[in-house]
Amino acid sequence: MQAGSLWPITELFESLADVQFWVKDHENRYVHVNRGFLLNYALSEPSQIIGQTDYRLSPTYLADQFWLDDEHVLAGNRVVNRIELVGNADQTPCWNVTNKVPLRNDAGRIAGTAGTTRRLGPMGEGGPNSHGLEPVLARIRDGYQRPLHNGELAARAGLSVRAFERKFKTLFHLTPQQYLRKLRVRMACRSLVFSELPLAEVAVACGFADQSHFNHAFRSIMRRTPRDYREHYRRG
């Protein structure tokens with residue numbers, strides 16, 4: 001895949017310094033990044049990352065998560081308005097909203113992926129703007145460690161539960177609880193790598209009812225158990 005074939009889309013994102021935009025080929029190598037991406041990773045030239053993968057920029061545990069995302073998108077799926085912690089050049093994490101889509105060639109075959117991520121503000125700014133769910137994103141970000149029910153989230157959006165669930169599924173391609181579960185698993189990944197907490201405490205700290213629920217959710221998303229995940233990155 002050639003980045004030039006995507007012009008003027010790539011040119012458009014050059015004017016958005018607060019948005020990171022990238023294009024990858026079918027082997028998850030960067031073929032284009034915008035100025036916002038370079039600024040976030042303190043890179044001076046695109047040549048420093050073009051042809052490289054996320055393992056060049058990010059800790060292994062994060063690069064592995066990005067790789068799983070890319071494989072999911074290369075299979076024809078999308079990542080839509082997901083809130084997640086994204087690293088800065090100084091290794092400090094910040095809350096972002098991320099989107100990823102498959103790219104197809106002239107023959108209609110998936111040939112790569114494209115994505116954007118931007119900072120999520122204190123009240124959810126940077127999320128799905130003008131759709132009224134910014135307060136919901138902020139509540140999920142700040143309260144994922146405890147039970148969050150659809151009724152509470154619907155009230156934040158000023159909607160009935162049914163209308164909220166329908167709107168959320170349309171915007172995010174996930175139910176509110178599926179979205180919340182994915183966020184909790186990603187936060188658990190950080191805790192497993194960087195803390196010494198027992199697995200049961202990681203489960204509770206990340207909002208799971210107990211270790212059994214945690215194990216099931218984690219394995220369904222990360223393709224390995226929490227214990228295997230921790231041991232893998234400690235060996236690395």
*Please determine, by comparing only the residues of segment 83-102 that are of a type in the set (V, I, T) and at pLDDT below 85, which one is farthest from C206 (Cα to Cα).*
T92
*Of the conditions (1) closer than 30 Å to N28 by Cβ; (2) modelled with pLDDT under 85, M123 clears all except one; give me its number.*
(1)
*Would you mind finding the one in G158, G151, G143, G207 that is touching a residue at least 40 places away in the same chain (Cβ under 8 Å) and out of contact with any Asp or Glu (no Cβ under 8 Å at 6 or more places or on another chain)?*
G207
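So that you can scan it fast, the table gives a plain yes or no per residue for (1) hydroxyl-bearing (S, T, Y); (2) farther than 30 Å from R184 by Cβ; (3) in a helix (DSSP H, G or I); (4) modelled with pLDDT under 90:
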{"position": "W22", "(1), (2), (3), (4)": "no, no, no, no"}
{"position": "N28", "(1), (2), (3), (4)": "no, no, no, no"}
{"position": "V31", "(1), (2), (3), (4)": "no, yes, no, no"}
{"position": "I50", "(1), (2), (3), (4)": "no, yes, no, no"}
{"position": "Y61", "(1), (2), (3), (4)": "yes, no, yes, yes"}
{"position": "Q65", "(1), (2), (3), (4)": "no, no, yes, yes"}
{"position": "N77", "(1), (2), (3), (4)": "no, no, no, no"}
{"position": "N81", "(1), (2), (3), (4)": "no, no, no, yes"}
*Limited to segment 226-236, what total is found for residues that are under 24 Å from P147 (Cα atoms) and surrounded by 15 or more Cβ atoms within 10 Å (Cβ to Cβ)?*
1
*In segment 187-225, which residues are among the polar types (S, T, N, Q) and surrounded by fewer than 16 Cβ atoms within 10 Å (Cβ to Cβ)?*
S195, S212, S220, T225
*Say whether the condition of being aliphatic (A, V, I, L, M), surrounded by 14 or more Cβ atoms within 10 Å (Cβ to Cβ), closer than 18 Å to K24 by Cβ and modelled with pLDDT of 85 or more is met by at least one residue in segment 154-171.*
no
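The values are calculated or read from the model by the stated rules, or taken from the named source; none is laboratory data. In this text the structure is predicted, and so the values were computed from the model without any measurement. FYI the Cβ positions are ideal-geometry reconstructions off the backbone, even for glycines, and counts take in every protein chain you see.
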